[in-house]
Amino acid sequence: MTIQGVRRLFGDPTNGRKRAITIDMLARMAPVVRATRKGQPKLATKLGAVWAAMLTGFFGMLRKDNLTKGKQDPFNPSRGLRRGDVSIDGDQMWLRLRVAKTIQYQEEPHVLGILATHGALCPVRAVHKHLEDTPGLGHAQFLFMEKGTGKRGAAAVPLSHQSLVRGIKQLVAAIGEDPKKHSGQSLRRGGATLTYDVGVSEVAIQAHGNSRSEAVRIYREWSTEQQLALPARLAHAARAKCRQVGAA
């Protein structure tokens, strides 16, 4: 009770909702990723895994747990997103989510489709490139892999939650934004924001993002123009009424 009282009085900055990573931010990150991979080959595998996971998470509106192994536990091949769960056919990429927040009791997997964008922000190309960079792994291995560390140096290990978040924050900082305001959840929020902005129905958004409730609404971030849209209509109505009655 005492801790809750202190939080109410002084706030809890560590518990704030993270901001969305927008399509504009991703577009500004793309040249940074390309330049870093060319200039620092040792980071190519790790950065490739992070970038592929980010684009997949954004366009697939995936939860961070779909993209990485657990924070502390070792990767469980019966739960995580495996290489055998991804299928790329031309411009189409299909993901088979066997376990998620809404799939916990061996229900039917959630099948998610993602299309190629044929540009710097293409999730299909990013995943395909990442698979080429980490060859020789079976279908049961994790989809996103990073270069191992340690004296023996494993060739590749499952992308950790920590590595994904660190990579996101580094890229956010590289484009001049505040890394403290973004995390793994920022990808799902960003994808949801874009789908709302382009006029996709809420039912379709829920289906794509594998959400069983209307909680997906909280993921949307409103631009300044969108926030002022309703006040603008109110102001217009007030001006019209003033003209009608001859008020100054």
- Item | Pick from the stretch 100-149, criterion open to solvent by 90 Å² or more (accessible area, probe 1.4 Å) and touching a helix residue (DSSP H, G or I) at 6+ places or on another chain (Cβ under 6 Å), ranking: modelled with the lowest pLDDT | Lys147
- Report yes if some residue within the stretch 79-91 is under 16 Å from the mean Cα position of the chain (by Cα) and at pLDDT 80 or above; otherwise report no. yes
- Which of the following residues is modelled with pLDDT under 90, over 15 Å from the mean Cα position of the chain (by Cα) and open to solvent by less than 60 Å² (accessible area, probe 1.4 Å): Ala173, Ala156, Ala192? Ala156
- Item | Evaluation of Ser201 against (1) open to solvent by 50 Å² or more (accessible area, probe 1.4 Å); (2) over 30 Å from Arg125 (Cα atoms); (3) at pLDDT 75 or above (one fails), failing number | (2)
- Item | Selection within the stretch 43-56 - open to solvent by 10 Å² or more (accessible area, probe 1.4 Å), within 16 Å of Val172 (Cα to Cα) and of a type in the set (A, V, I, L, M) | Leu47
- Message: Could you list, ordered by first residue, the pairs with Cβ atoms under 8 Å in which the first is in the stretch 128-148 and without any contact (Cβ under 8 Å) to a residue 24 or more places away in the chain and the second is surrounded by fewer than 16 Cβ atoms within 10 Å (Cβ to Cβ) and of a type in the set (Val, Ile, Thr), at least 6 apart or interchain?
- Response: none
- Search result, residues across the stretch 27-42 that are surrounded by 15 or more Cβ atoms within 10 Å (Cβ to Cβ), free of Cβ contacts under 8 Å to residues at least 60 places away in the same chain and more than 17 Å from Pro123 (Cβ to Cβ): Thr36
- For the stretch 209-231, does any single residue satisfy the condition of being modelled with pLDDT of 75 or more, buried (at least 19 other Cβ atoms within 10 Å of the Cβ) and under 14 Å from the mean Cα position of the chain (by Cα)? no
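The values are calculated or read from the model by the stated rules, or taken from the named source; none is laboratory data. The shown structure was predicted, so the numbers you read here are calculated from the model rather than taken from an experiment. Glycine also receives a Cβ, built like all others from the backbone with ideal geometry; neighbour counts cover every protein chain displayed. The area values use the complete protein model at the heavy-atom level, side chains included, leaving out ligands, DNA and RNA. Shrake-Rupley method; radii C 1.70, N 1.55, O 1.52, S 1.80 Å.
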